[in-house]
Amino acid sequence: MNAEQARSLLRTMWRIRAFEERVGRLKRSDEVHGLIHLSTGGEGVAAAVCGQLRDGDVVYSGHRAHGHVIAKGAPLPETMAELMGRAGGLCRGMGGSMHLVDVAHGMLGATGVVGGTVPAALGSALAARMRRESTEGEDTVSVVFFGDGAVQAGTFAESVNIAALWRLPVVLVCENNGFAEFTPRSAHTPVERVSDLVAPWGITAATVDGNDAVAVWEEFARLLAGVRAGDGPALLEALTHRLRGHYEGDPDRYRDAIATEEWQQRDPVLRLERTGIAHGWFDTDEAKAVREAAHAEVEDAVTWARESPWPTPELAASLVYGS
Amino acid sequence: MTGVTTRELTYAAATNEAVHLEMARDEDVVLFGQSVAGSPDDPFVRAFGPDRVRVTPISETAEIGMAAGAALAGKRPVVDCTMAEFLLVAMDQVVNEANRFHYMSGGRVTAPLVLKAGYGFTAGWAGQHTGSIYGMFMGVPGLKVALPSTPADAKGLMASAIRDDNPVLFLHHYLLLLEQGPVPDGEHLVPFGTADVKRSGSDVTVVATGWTVHRALAAAERLAADGIDVEVIDPRTIAPLDTATILTSVGKTGRLVLVDQATRHSSVATVIAGEVAEHGFSALRAPIVQVTALDASIAYAKPMEDYVLPDEDKIVAAVRRVTVRGAA
């Protein structure tokens, strides 16, 4: 990692953090009115993975997608407007928090059904590889983010099998926060490490501390290089902590709150700040400026979104079918 | 079909011809399925190569989900799902993912894919391989559903399905696969949402789909001998559903019999009955009669199959019921 990459990583992570915290407040005041799952605490994974992808690389996500969409390059005003259900939103207010799409930056879909987009990433990877065979030098990949809960869904095993069988250029990124919705992982499976599951298929896999954005960056870089080179699929398991409940409003009684001091040690954003300053990638003032700029950008996004009109009812009929 | 040359083809061959022509026309059309590419001699593999014709494991969810992802990335996959009941294994991908992508993205993406599957067999295939289960798909937003009844329609609807920018469920009827009929050569497109009047008549409107179209036509011939002139309408696609053609016909005949191989409470018949009751009530001179399967599974024993399913005699009886003097 070099200084430029580190600054970019920090900027993305602060933009996600500021966005998520603002969305949480807007949810409580009902300006964001729908079902919301915040990714606070997972910024390092989204930023380190998407920060190494190109616009042409396809990304899919699940219900906790805000960070992935922002990290992939979606503009904050349109993203915020979508969460507010406005016509200026990424999806014209028709999709909302769980169904964010930003075609221009390769974010092709997110689903509210756990595991639902894992096979879609295979299909886009197949399409990319078929293009590669007809276009010199084409080496785009697909990436799908999913939680550890999705690993117990049948679609995961089915998709791993086909990805390996066809050696598809896809990276499966599991954000393992230890909880499948409201249930600790240990109550759903005796398997501790998701990365242990794919060995029989010959898939390259690694587990990394998801709170360490630099480690995620470096591990993903290694896996991505192999996938781009045509070595077949890879799986990255990032161990993370979900700071907020499963959804905004979740009483979160099924787990103990993390102690403030412990969180300050683990918080991926603060941790990158400490690491970056120690490495001389940026100094304290630069980190502060990045943080403040991110918060200001989010406030501008809220202002923009508030001024965006509501979608009009004729869309309900006109959008059911494509052309 | 003036000016169009035709050949006699089976319904199955006509369907395959459409897939073949579309694959030749557009290199983005790809074919997936658990039983495709069975051998190197497979005509699709020979013509288009193993990259575009891919055998998939028995993993319906991944297979259909993968088709959705390929569609979002510019391909036009045709997935041979073999049997309609196998779609049920992958219900999230069939009714809750690709079909909603266009809408939920505010129109930013399209997912052009075709799910092809057979339905409606009646040869002792028992409870899980015989269903006419399209009723559970026809009301799903964003998913189109085609039910061809003739070889020509099978070809034309498949070609339109592949060119459509939406997920399409193309359901072929097992009992029609080997039926022959004239099929236009070359490009042949049947538009979606356009019913076909298979037989003109003035006394009673009969709407039927798939295999029951032919039962209705046979019943109409018997009734013609008694001076009852039956109009037979085949919607051809049930989503979108051409209610206008049906309402126009009912406006003329004043009598409506709906024939459907599906269980009554998950049938096209019931949906049409509701539309006509609301929008065509003043034209009706007799109650709408539905000739559907019973709300029961298809049993194994032959007499039980016959008991549960609609047939020619049941259609004739229903038409007589709505045309008896005093029914007006």
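Evaluating 6.51 cos²θ - 1.76 cosθ + 1.60 at θ = phi - 60° for every residue in segment B:42-51, the Karplus couplings come out as 3, x, 6, 5, 4, 7, 10, x, x, 6 Hz, glycine and proline recorded as x.
Amide H contacts of A:Thr204 (H built 1.01 Å from N, in plane; Pro and chain starts excluded): A:Leu235 sit under 5 Å, all sequence-distant by 5 or more or on other chains. Taking a sphere under 14 Å around the Cβ of B:Ala62 and counting the other residues whose Cβ falls inside, with K and R at +1 and D and E at -1, yields a net charge of -4. Could you compute the net charge surrounding B:Pro287? Neighbours are other residues with a C-beta less than 10 Å from the C-beta of B:Pro287; K and R count +1, D and E count -1. That sum, taken over residues with Cβ under 10 Å, equals +3.
Nearest 0.05, what FRET efficiency do B:Ala24 and B:Val55 give at R0 = 22 Å with Cβ-Cβ as r?
0.60
Averaging the sequence gap over all C-alpha pairs within less than 8 Å and six or more residues apart, then dividing by the number of residues, gives segment B:196-327 a relative contact order of 28 percent. Taking the C-alpha atoms only, the angle from helix B:268-279 to the longest principal axis of chain B is near 60 degrees. Take the Cβ-Cβ distance between A:Ala3 and A:Glu31 as r, set R0 to 30 Å, and report the resulting FRET efficiency rounded to the nearest 0.05. The value I calculate is 0.20.
Proximity of backbone amide H atoms, modeled 1.01 Å from N, is registered between B:Asn166 and B:Leu113 at under 5 Å, excluding neighbours fewer than 5 places apart on the same chain.
Normalized C-alpha radius of gyration of the protein assembly as shown, against 2.2 N^0.38 Å? Kindly include the intermediate steps, with their values, before the conclusion.
Details: Rg = 28.0 Å, N = 651, 2.2 N^0.38 = 25.8 Å.
That ratio works out to 1.08.
Net charge of the neighbourhood of A:Val69, taken over other residues with C-beta under 12 Å away and scored Lys/Arg +1, Asp/Glu -1, is -1. Contact order, relative form, for chain A: 24 percent (alpha carbon pairs under 8 Å, 6 or more residues apart, mean separation divided by residue count).
Among the GluC sites (Glu not before Pro) within segment B:23-75, those in coil by DSSP and having at most 16 neighbouring Cβ atoms inside 10 Å are B:Glu27. Here the Karplus relation 6.51 cos²θ - 1.76 cosθ + 1.60, evaluated at θ = phi - 60°, turns the backbone of segment A:108-115 into coupling constants of 9, x, 9, 10, x, 9, 4, x Hz, with x for every Gly and Pro. Give me the angle, in degrees from 0 to 90, between the Cα long axis of helix B:11-25 and the longest principal axis of the Cα atoms of chain B, rounded to the nearest 10. For helix B:11-25, the angle is close to 40 degrees. Taking chain B as the reference, fit the longest principal axis to its C-alpha atoms, fit the long axis of helix B:211-224 to the helix C-alpha atoms, and give the angle between the two in degrees, 0 to 90, nearest 10. With rounding to tens, the tilt is 20 degrees. With a Cα-only, solvent-free Debye model of segment B:179-328, what are the log10 I(q)/I(0) values at q = 0.10, 0.17, 0.20 Å⁻¹? Values returned for q = 0.10, 0.17, 0.20 Å⁻¹ are -0.34, -0.95, -1.25.
Loop-located trypsin sites (Lys or Arg not before Pro) across segment B:244-288 with a Cβ neighbour count of 14 or fewer within 10 Å are B:Arg285, with loop assigned by DSSP.
Over 23 Å apart at the Cα level, from the set B:Lys198/B:Lys302; B:Lys116/B:Lys302; B:Lys198/B:Lys314; B:Lys116/B:Lys314; B:Lys144/B:Lys252; B:Lys155/B:Lys302, are B:Lys198/B:Lys302; B:Lys116/B:Lys302; B:Lys116/B:Lys314; B:Lys144/B:Lys252; B:Lys155/B:Lys302.
The phi torsions of segment A:219-231, fed into the Karplus equation with coefficients 6.51, -1.76 and 1.60 and a -60° offset, translate into couplings of 5, 5, 4, 5, 5, 4, 4, x, 5, 4, 6, x, 7 Hz, rounded to whole numbers, with Gly and Pro shown as x.
Between rounded, prolate and oblate, where does segment A:91-207 land on the alpha carbon gyration tensor, with a ≥ b ≥ c its root eigenvalues, rounded for a/c under 1.5, else prolate if a/b exceeds b/c? In terms of gyration-tensor shape, oblate. Converting the Cα gyration tensor eigenvalues of segment B:6-184 into ellipsoid dimensions via √(5λ) gives semi-axes, longest first, of 23, 20, 16 Å.
Taking beta carbons within 10 Å but only from partner chains, what does the mean come to for residues B:198-207?
On the way: counts 0, 0, 0, 0, 0, 0, 0, 0, 0, 0.
Per residue, the number of nearby Cβ atoms from other chains is 0 on average.
Once R0 is set to 25 Å, what does the formula 1/(1 + (r/R0)^6) return for the Cβ-Cβ distance between A:Leu165 and B:Leu88, expressed as a FRET efficiency to the nearest 0.05? Please report the intermediate quantities before stating the final value.
Details: r = 24 Å, r/R0 = 0.96.
Efficiency, rounded to the nearest 0.05: 0.55.
Peptide B:91-104 has a mean of 5 when you count, residue by residue, the C-beta atoms of other protein chains within 10 Å of its C-beta. The Kirkwood radius of chain A, taken over pairs of alpha-carbon atoms, gives through the Stokes-Einstein law at 20 °C and 1.002 mPa s a diffusion coefficient of 107 µm² s⁻¹. Rounded to the nearest 500, the helix-only mean residue ellipticity at 222 nm of the protein assembly as shown stands at -12500 deg cm²/dmol, with each DSSP H run of n ≥ 4 adding -39,500 (n - 2.57). Positive-end ranking of B:Ala13, B:Phe170, B:Gly124 along the dipole of segment B:6-184, with charges on Cβ about the Cα centre, is headed by B:Phe170.
If you take the Cα centroid of segment B:258-287 and the Cα centroid of segment A:263-315, the two points sit 57 Å apart. Scanning residues 5 or more positions from B:His172 or on other chains, those with amide H under 5 Å from its amide H are B:Ala117, B:Gly118, B:Tyr119, with H placed 1.01 Å from N in the peptide plane. Taken about its Cα centre, segment B:196-327 carries a charge dipole of about 280 debye when Lys and Arg each add +1 at the Cβ and Asp and Glu each add -1 at the Cβ. Considering only alpha-carbon pairs that sit under 8 angstrom and 6 or more positions apart, the relative contact order computed for chain B is 17 percent. Since only B:Ala317, B:Thr263, B:Ser297 are under comparison, the one whose Cα sits farthest along the positive direction of the charge dipole of segment B:196-327, derived from C-beta charges on Lys, Arg, Asp and Glu, is B:Ala317.
I'd like the antiparallel share, as a percent to the nearest 5, of DSSP beta bridges with both residues in segment B:196-327. Provide the component values of the computation, followed by the final result.
Values: 4 of 16 bridges.
Bridges in segment B:196-327 that DSSP calls antiparallel: roughly 25 percent.
Values in this text are rule-based calculations from the coordinates and carry no lab data. This one's a predicted model, so the numbers in the text were calculated from it and none came from an experiment. Note that each Cβ is placed from the backbone with ideal geometry, even for glycine, and that neighbours are counted across all protein chains shown.
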